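Each value in this text was obtained by applying a stated rule to the coordinates, not by laboratory testing. Here the structure is a predicted model, which is why all the values come from computation and not from measurement. Virtual Cβ from ideal backbone geometry, glycine too; neighbours counted across all protein chains shown.
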Amino acid sequence: MRRLSILWIKRFDAILLGSLVVLTGVGLLTMKSFTDIATSDYFFIRQLIWLGLSFFAMFGISFIDSRLLRRSGILVGIYGFLCLLLIFLLFFGQHVRGARGWINLGSFSLQPFEFMKLALILIIAKYFARRHIEIGNFRHIVISGLYVTIPAVLILLQPDFGGALMMVAIWLGLIMVSGVSKKHFFILTLVGSLIFGFLWLSIFTPNQKGRILSFVYPLEDIRGAGYSAFQSTIAVGSGQLFGKGVGFGTQSRLSFLPEYQTDFIFAAFAEEWGLVGTIIYFLFFGLMIWRIIEISMRGESNFEILYGLGLAVFFMSQFTINIGMNIGLLPVTGLPLPFTSYGGSHLLAEFIGLGILFSMGRYSYAKHRDDLNNEFIGGV
């Protein structure tokens, strides 16, 4: 029994799990505090069910041999299957908030894009891990970009600008930690600017353009495209230092704040808990990211290291984008707040990602920091 307890502790990081409990608890508490009791119970109960399934999936996957993921055939198969699902959605997907991004499974729906994030991290980590010696060759950046382009274009066609943005953010983050040269990064920035110009002129819908323009000129259309961002900033600011108290957030209680259980749950939380509660929330999120990086840096090979860092990039990027749109610094993209916003697909994908990380931790080993810096992809 004692040996089993030691193995359990070694498999799961206590600080990371504790941070998860706080982050998910914030979401549940905020949902429970909404005015409409029927609506509150609906989101709260369904979120509890999804959290239970997600924790179960995380613990179950952590016992699977992660070395299976080193096989290129398995990764390509997962990636290809999810690409086919994204193509399927263009024709038969369920419409949710103007985008065909959901598969209707009766009493619940799934969003394949959330799982594509993990597949992308895995396949790019595998690609760079096998070519770490010649990572300075620009062609590897181009080839890795093709892995991103296919799902990103399919997601744009749904249309889902925020989802495509996340795919690019994950790719750029993995490129940065893999040791790309400044010259190559400048070229990437230039190409990205040209692509954005093309998307603006040819791909973006009027609604998506309106969201971006409402970010630049938020007060120009506060009754239209800029309404959500405007109400969100009011909610965050009205929380002041200690907040209005649980259940007393007027913006969400009086339905001024839209999507307060999903996109703008941070604004609803900040209104009730204030600056002090927000800082505490940020600290626990930072603790989670720190532990993910620590676990990844003990990886058995560059593949495990890159996967863990890619997972951290994924969480930090989505966290930054969501918080940014809640306080009026970034356009409204519809991306959920990791581990906190209501929704089953993103919770399940995030916990599966951590389950893979814990599984990889079974084969990790502590190394001297100097040796690790010399071996790691970004090392000199």
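List of remarks:
- P(r) of the range 49-192 over all Cα-Cα pairs, binned every 10 Å from zero, in whole percent: 10, 35, 34, 17, 3, 0
- Scalar couplings 3J(HN,Hα) for the range 306-315, obtained by applying the Karplus form with A = 6.51, B = -1.76, C = 1.60 to θ = phi - 60°, are 5, 4, x, 5, x, 5, 5, 4, 4, 5 Hz; x denotes Gly and Pro.
- Cleavage-rule hits, chymotrypsin sites (Phe, Trp or Tyr not before Pro), the range 17-89, DSSP coil, Cβ neighbours within 10 Å at most 15: Phe63
- Exposure proxy for Leu146, Leu75: other Cβ atoms within 10 Å of each Cβ, ordered fewest to most, give Leu146, Leu75.
- Spatial separation of Cα centroids for the range 271-330 and the range 55-115, in angstrom: 22 Å
- The order of His346, His95, going from fewest to most other C-beta atoms within 10 Å of their C-beta, is His95, His346.
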